[in-house]
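Trainee: Sending over a structure as structure tokens; questions will come in a sec.
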Amino acid sequence: MTSWAAQRAPTHWFCAIQDSYTVSEQLLYASPHAADFGYNLNYIRNSVNAVVDIYDGAVLLYVKNPEDPVLAAYGRAFALKDLNQLSVDLNAHRR
């Protein structure tokens with residue numbers, strides 16, 4: 001994955017910030033959720049912000065909850081960045 005943020009000045013690129021969730025149906029010692037999502041989820045966390053470059057579709061994933069056990073497994077497969085590495089300009093637009 002290329003670092004598109006390093007290649008473009010903040011005034012020359014457009015991006016979207018998306019909240020992303022980790023979910024599981026089989027997390028140990030967790031009770032099933034009562035809401036009807038169509039799945040038997042027993043774990044859901046808002047642990048990631050995905051920043052998508054609108055121009056070329058490049059995606060950077062920023063970890064909001066480093067204690068998330070499901071995210072730890074994804075971290076072995078995907079390049080995850082610490083939320084502190086998010087630029088000040090983009091951080092101002094997060095909720």
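We did not get these values from a lab; they are worked out from the coordinates using the rules stated. As the structure is a prediction and not an experimental result, all values here were calculated from the model. Ideal geometry is used to build each Cβ from the backbone, glycine not excepted, and the neighbour counts take in all protein chains shown.
Trainee: State which residue is farthest from T22 (Cα to Cα) when the search covers only the stretch 55-84 and only residues that are loosely packed, with under 15 Cβ neighbours inside 10 Å and acidic (D, E).
Mentor: Selected residue: D56.
Trainee: Considering only the stretch 29-77, state which residues are assigned to a loop (DSSP other than H, G, I, E, B), of a type outside the set (V, I, T) and closer than 26 Å to H93 by Cα. Can you show your working first?
Mentor: From the stretch 29-77, those assigned to a loop (DSSP other than H, G, I, E, B) are 29-42, 54-58, 64-68, 76-77; that's our starting set.
Checking which are of a type outside the set (V, I, T) leaves us with 29-42, 55-58, 64-68, 76-77.
Answer for the stretch 29-77, where residues must be assigned to a loop (DSSP other than H, G, I, E, B), of a type outside the set (V, I, T) and closer than 26 Å to H93 by Cα: Y55, D56, G57, A58, K64, N65, P66, E67, D68.
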